[in-house]
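Asks: The structure is given below, and queries will be raised subsequently.
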Amino acid sequence: MAINLLYDFFINGCNINKNLNNNLIQEKTHFIIVDFNSAIEKIMINIIKLNNLLHYQNTLWFIDFPENHTNIDLDNTILINVIKEQFNKTNNIINFLEHKSIEKDKKKLGISNINKNLENSVAMLLSRNNHVTYYLRSYIFGEKNPYSLKIELVLVKTGEIVFTQLEKFYWKK
């Protein structure tokens, strides 16, 4: 009887420990939800104010995946989708280059094995090949709340940074 109790305790104890380990592993792989909306909105308002200088209506834009220099895992598509939504709210006619086109060009050039973040020279080359007018790159950095988001808008034809802004944002648990 004592051996059976010890056996049951050992088996149940392992199961509990196994469940705890599985939960910890799952927590590490979940993406953290980040509230980019307010930071992006402030930046987009300032970009929209520059319309008379930049003439970006009816142009093609490439929004690259953000460079993440934080200690959290972020879903890159969240930031890109928020930027696109903010532009759509302003009723500006801007076309966005799909990442599928970039991936095809990367394969043609033999650089498809490189991580999602493109070096600036590669991003500019791919943008020119796809007749993009503006290239938008972003950087996320910081070790704790508030994190910082830096967005740069580059005129592809000249490589000139025509707009840059830094905004703080917070992540939600």
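Asks: Could you please rank Arg137, Arg128, placing first whichever residue has the fewest other Cβ atoms within 10 Å of its Cβ?
Replies: Values: Arg137 22, Arg128 13.
Listing Arg137, Arg128 from fewest to most nearby Cβ atoms yields Arg128, Arg137.
Asks: How long, wide and thick is region 50-110, going by the Cα atoms along their three principal axes, in whole angstroms, largest first?
Replies: Between the extreme Cα coordinates on each principal axis of region 50-110 lie 36, 33, 18 Å.
Asks: Out of all DSSP beta bridges in region 33-172, what portion is antiparallel? Express it as a percent rounded to 5.
Replies: So the antiparallel bridges amount to about 65 percent of the total.
Asks: Using Cβ counts within 10 Å as a stand-in for footprinting exposure, how do Val156, Val132 rank, fewest first?
Replies: Details: Val156 22, Val132 25.
Least to most surrounded, the residues fall as Val156, Val132.
Asks: Could you line up Tyr147, Tyr170 from fewest to most neighbouring Cβ atoms inside 10 Å? Please report the intermediate quantities before stating the final value.
Replies: Values: Tyr147 23, Tyr170 12.
Lowest to highest Cβ neighbour count: Tyr170, Tyr147.
Asks: A follow-up question, please. Looking at region 33-172, what % of the alpha carbon pairs are farther apart than 28 Å? Before the final figure, lay out the partial values.
Replies: Numbers: 1489 of 9730 pairs.
For region 33-172, the fraction of Cα-Cα distances above 28 Å is 15 percent.
Asks: List the aspartates and glutamates whose Cα lies under 12 Å from the Cα of Lys42, skipping any in the same chain that are fewer than 8 positions away.
Replies: Glu167
Asks: Now for a different question. Measure out, as a whole number of angstrom, how far apart the alpha-carbon centroids of region 47-90 and region 118-173 sit.
Replies: 8 Å
Asks: In terms of modelled amide H atoms, which long-range or inter-chain residues lie less than 5 Å from the amide H of Val162?
Replies: Leu153, Val154, Leu155
Asks: Hey, what D do you get for region 117-169 in µm²/s if you plug the Kirkwood alpha-carbon radius into Stokes-Einstein at 25 °C and 0.890 mPa s?
Replies: So the translational diffusion coefficient is about 205 µm²/s.
Throughout, read-outs are computed from the coordinates displayed, never taken from laboratory work. All values reported here derive from a predicted model rather than from experimental measurement. As a convention, Cβ positions derive from the backbone with ideal geometry for all residues, glycine included, and neighbour counts pool all protein chains shown.
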